[in-house]
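Note sheet for the following structure.
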Amino acid sequence: MTRETRKQITMIFSYGVLILVGVIMVYPLLWMIGASFKTNNEIFSGIGFIPKNPTFSGYQNAMKSYGGDIDLIKAMINTYTIVVPKVLFTIVSATITAYGFARFDFKGKNMLFALLMSTLFLPQVVLNVPQYILFNKFGWINHPWYLALIVPTLFATETRFVFMLNQFLRGIPRELEEAAKIDGCNAIQTLWYVIVPMLKPSITSVALFQFMWSSNDFMGPLLYVSAPSRYPASIFVKMSMDADSGFEWNRVLAMSLISIIPSLVVFFLAQDSFVEGISAGGVKG
């Protein structure tokens with residue numbers, strides 16, 4: 001067997017494994033799409049994703065209101081009322097914090113950075129009670145602007161993003177900042193005109209992670225939002241699964257599919273920068 005033949009066999013085997021893994025990963029989503037057009041009986045009759053007798057009742061019922069003055073469209077508007085500010089504030093706060101730790105020397109820097117990283121090991125469930133008490137004293141519980149969910153992102157509370165950006169910053173030559181300083185740029189101008197453009201792939205990764213996690217967040221809105229009219233889609237989908245309307249699984253799956261479409265669209269539009277940011281942040285430093 002020649003070297004070229006072995007290379008071709010290895011390539012065929014590699015692509016075969018990748019295709020198999022890809023099908024396994026994508027199949028649940030394909031099944032979800034197909035099941036949204038099935039009846040309850042057909043959903044539980046097999047694992048095939050192609051409906052035998054397609055019905056649009058799931059999508060028709062998905063647009064109905066299940067819980068008073070709210071429907072799926074309003075729930076999605078509520079969701080992105082929370083998500084968009086969280087993404088923007090997270091990008092700003094995490095970038096500034098990472099830049100400060102990566103490029104400035106100050107007293108207690110190492111200790112503060114170690115303290116910041118230690119918060120990664122602190123379970124969120126431990127923070128729920130003290131955070132709720134604090135936000136309740138501030139009057140942020142069930143606030144129309146979702147302050148309890150949005151304001152913390154102004155203070156770089158997502159430590160993993162600070163770490164990711166910090167790792168990427170270590171791979172950026174300091175000579176670029178020195179050149180900017182010679183040209184008369186201060187620290188803020190250097191950050192905006194030099195660092196941020198080079199951080200674009202990593203910032204895109206931060207934005208996508210925060211977008212997806214915030215869109216799927218269930219516990220946060222459950223704790224801090226009590227008015228049904230302000231529920232995001234994550235809670236609305238669960239609220240629609242009640243005994244009064246019955247468990248019409250095609251409706252539940254249709255609602256779930258509609259609610260994740262924006263996340264899928266955003267991910268596929270930015271997937272190149274996302275992959276570049278993840279790989280660069282993981283190997284540099």
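The values are calculated or read from the model by the stated rules, or taken from the named source; none is laboratory data. Since this is a predicted model, take the numbers as computed values, not measurements. Glycine also receives a Cβ, built like all others from the backbone with ideal geometry; neighbour counts cover every protein chain displayed. Side chains included, ligands, DNA and RNA excluded: accessible areas come from the protein's heavy atoms. Shrake-Rupley method; radii C 1.70, N 1.55, O 1.52, S 1.80 Å.
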Restrict the check to segment 228-236 and report whether at least one residue is of a type in the set (Lys, Arg) and under 15 Å from Asn78 (Cβ atoms). yes
Looking only at segment 113-124, decide whether some residue is more than 27 Å from Pro201 (Cβ to Cβ) and in contact (Cβ under 8 Å) with a residue 12 or more places away in the chain. yes
Go over the candidates Pro221, Pro152 one by one and state the one that is open to solvent by less than 40 Å² (accessible area, probe 1.4 Å) and over 19 Å from Val92 (Cα atoms). Pro221
Let me confirm something: among Phe168, Phe135, Phe121, which residue is aromatic (Phe, Trp, Tyr) and within 14 Å of Ala98 (Cβ to Cβ)? Phe168
Within segment 87-111, tally of residues that are of a type in the set (S, T, N, Q) and either open to solvent by less than 30 Å² (accessible area, probe 1.4 Å) or in a loop (DSSP other than H, G, I, E, B) (or both): 3
So which residues in segment 12-45 are within 23 Å of the chain's Cα centre (by Cα) and either closer than 20 Å to Met63 by Cβ or among the charged types (D, E, K, R) (or both), if there are any at all? Met32, Ile33
Quick check on Thr79: is it β-branched (Val, Ile, Thr) and within 30 Å of Pro262 (Cα to Cα)? yes
For segment 239-266, name all the residues that are open to solvent by 30 Å² or more (accessible area, probe 1.4 Å) and either modelled with pLDDT under 85 or touching a His at 6+ places or on another chain (Cβ under 9 Å) (or both). Met239, Met241, Asp242, Ala243, Asp244, Ser245, Phe247, Glu248
From the set of residues in segment 1-51 that are in contact with a Ser or Thr (Cβ under 9 Å, 6 or more places away or on another chain) and in a loop (DSSP other than H, G, I, E, B), which is most open to solvent (accessible area, probe 1.4 Å)? Thr39
Collect the residues in segment 112-137 that are modelled with pLDDT of 95 or more, hydrophobic (A, V, I, L, M, F, W, C) and open to solvent by 40 Å² or more (accessible area, probe 1.4 Å), keeping them in residue-number order. Ile133, Leu134
Residues that are of a type in the set (A, V, I, L, M), under 21 Å from the mean Cα position of the chain (by Cα) and closer than 26 Å to Trp192 by Cα, drawn from segment 67-115: Ile82, Val83, Val84, Val87, Leu88, Ile91, Val92, Ala94, Ile96, Ala98
For Pro197, which of the numbered conditions (1) within 27 Å of Val266 (Cα to Cα); (2) surrounded by 14 or more Cβ atoms within 10 Å (Cβ to Cβ) fails to hold? (2)
Just the residues that are closer than 19 Å to Asp217 by Cβ and in a loop (DSSP other than H, G, I, E, B), please, taken from segment 133-167. Trp140, Ile141, Asn142, His143, Pro144, Trp145, Tyr146, Ala156, Thr157, Glu158
Among the residues listed as Gln210, Gln167, the single one being surrounded by 15 or more Cβ atoms within 10 Å (Cβ to Cβ) and within 18 Å of the chain's Cα centre (by Cα): Gln210
Can you say whether Arg160 is in contact (Cβ under 8 Å) with a residue 24 or more places away in the chain, more than 26 Å from Gln131 (Cα to Cα), of a type outside the set (A, V, I, L, M) and open to solvent by 80 Å² or more (accessible area, probe 1.4 Å), as far as the supplied structure shows? no
